[in-house]
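For reference, the structure discussed in these notes is given below.
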Amino acid sequence: MASWILVPCLVKLRSEFNAIAPARDKSSDGSVGDAAHQDSQSDHNPDETGNVPIRDADKVNEVHAIDVDVDLRVPGLSMENVVQFLLTRCRSGAEKRLRYIIYNRRIWSASNGWRQQNYTGSNAHDHHAHFSSSYTTSHEASTASWHLEDVPVALTADDKKWISAEIAKQVKAQVDDIWAFNVGNATGSAPQRADGALVTANIRAGAIANDYMPKLRHAVDQLSQQIADLTEQVTASRSS
Ligand SMILES: [Ca+2]
Ligand SMILES: [Ca+2]
Ligand SMILES: [Zn+2]
């Protein structure tokens, strides 16, 4: 039987990391302090038996910190994305369960309004991010969602290609629908496709209809290509 527990809010945070990054590398993960931590004051030490910065209200032997490996192994999702997402929630007051975060030579603390400061400790925290939790009993115990599923994920090159192709396909389908529109039924005459009606109308008007149809088709195809190109540009600029 373990002589300590990880506070439930951090158990939940870790499980959400596992949910959004199921294949993530865990080799730099951690919760309870190793021998090195036990010598110094750390939220990784169990709070009733170890050296911790705060004495809390209960007698439960709790660990108040987790380390999460930075390698999430999800294209377009970085630890930086997750840390910035959590900081936004902390700064807005929506999230109160964290005391501080250390990641990649920076530290953000509740006690100074979550402003970014340089972290100059011997471990740069570039292989893992450190999350220290509150020692307030209600915050420790809260397993409410951390909303990590809402962390924005950047589009990959493949995503962009897929979206562009999808849009081009949809535009093409719309154009085809227009050509296939049954103008005959719409005007109460015999069934007739729009492109056919156009040919007929041109013939009746004495125009050289069969010369115009391919040109018109070409123009519509160009238009749909322009829409697809534009969409690709917009997609690219949004995610850069
Ligand atoms: Ca305790
Ligand atoms: Ca406690
Ligand atoms: Zn740590």
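Rolling a 1.4 Å probe over the heavy atoms of the protein chains gives the chain an accessible area of 57 Å² per residue. Charges were assigned to the Cβ only: +1 to each Lys and Arg, -1 to each Asp and Glu. The resulting dipole of the chain about its Cα centre is roughly 820 debye.
Could you tell me whether segment 5-150 comes out rounded, prolate or oblate from its Cα gyration tensor? Rule is a ≥ b ≥ c as square roots of the eigenvalues, rounded for a/c under 1.5, then prolate if a/b exceeds b/c, otherwise oblate. Cα axes put segment 5-150 in the rounded bin. The C-alpha atoms of the chain define a longest principal axis, and helix 209-239 lies at about 10 degrees to it.
If packing is taken as the average number of other Cβ atoms within 10 Å across a peptide's residues, how do 91-101, 184-194 rank, most packed first?
My ranking of the peptides, most packed first, is 91-101, 184-194.
Here segment 1-120 is treated with +1 on each Lys and Arg Cβ and -1 on each Asp and Glu Cβ, and its dipole about the Cα centre works out to around 560 debye. Is the shape of segment 120-159 best called rounded, prolate or oblate, per the rule: a/c under 1.5 gives rounded, else a/b larger than b/c gives prolate, else oblate, with a ≥ b ≥ c the square roots of the Cα gyration tensor eigenvalues? Oblate.
For Lys160, list the aspartates and glutamates whose Cα falls under 13 Å from its own Cα; do not include residues on the same chain fewer than 8 positions away. In chain and number order, the partners are Asp229, Glu232. The distance between label points at Arg193 and Lys96 comes to 6.6 nm (points 7 Å beyond Cα on the Cα→Cβ vector). Can you return the aspartates and glutamates within cross-link range of Lys26? Criterion is Cα-Cα under 12 Å, with same-chain partners fewer than 8 residues away left out. Lys26 reaches Asp67, Asp69, Asp71. The stretch between Leu223 and Arg73 holds 50.1 nm of extra length on full extension. This uses 0.36 nm per residue minus the Cα-Cα distance. On the chain, 55 percent of the accessible area sits on carbon and sulfur atoms, based on a 1.4 Å probe.
Placing unit charges on the Cβ atoms of the charged side chains and taking the dipole of the chain about its Cα centre, the candidate lying farthest along the positive direction among Asn61, Pro8, Ala144 is Ala144.
Only lysines eight or more places from Lys215 in sequence, or on another chain, were considered; those with a Cα closer than 30 Å are Lys161, Lys169, Lys172.
Normalized C-alpha radius of gyration of segment 100-228, against 2.2 N^0.38 Å? Before the final figure, lay out the partial values.
Details: Rg = 30.8 Å, N = 129, 2.2 N^0.38 = 13.9 Å.
Its radius of gyration relative to the 2.2 N^0.38 Å reference: 2.21.
Rounded to the nearest 10 degrees, the inclination of helix 194-204 to the longest alpha-carbon principal axis of the chain is 30 degrees.
Here the gap between Asn61 and Val11, fully extended at 0.36 nm per residue and compared with their Cα-Cα distance, gives a gain of 16.5 nm. Taking packing as the residue-averaged number of other Cβ atoms within 10 angstrom, the listed peptides 195-203, 170-178 run from highest to lowest as 195-203, 170-178. A simple spin-label model places pseudo-atoms 7 Å from Cα toward Cβ; at Ala19 and Ala157 they are separated by 3.3 nm. DSSP assigns beta bridges within the chain; of those with both partners inside it, close to 90 percent run antiparallel.
The values are calculated or read from the model by the stated rules, or taken from the named source; none is laboratory data. What you are looking at is a predicted structure, and each value in this text was computed from that prediction instead of being measured. Cβ: placed from backbone, ideal geometry, glycine included. Neighbour counts: every protein chain shown. What goes into the accessible areas is simple: the full protein's heavy atoms, side chains included, and nothing from ligands, DNA or RNA. Shrake-Rupley method; radii C 1.70, N 1.55, O 1.52, S 1.80 Å.
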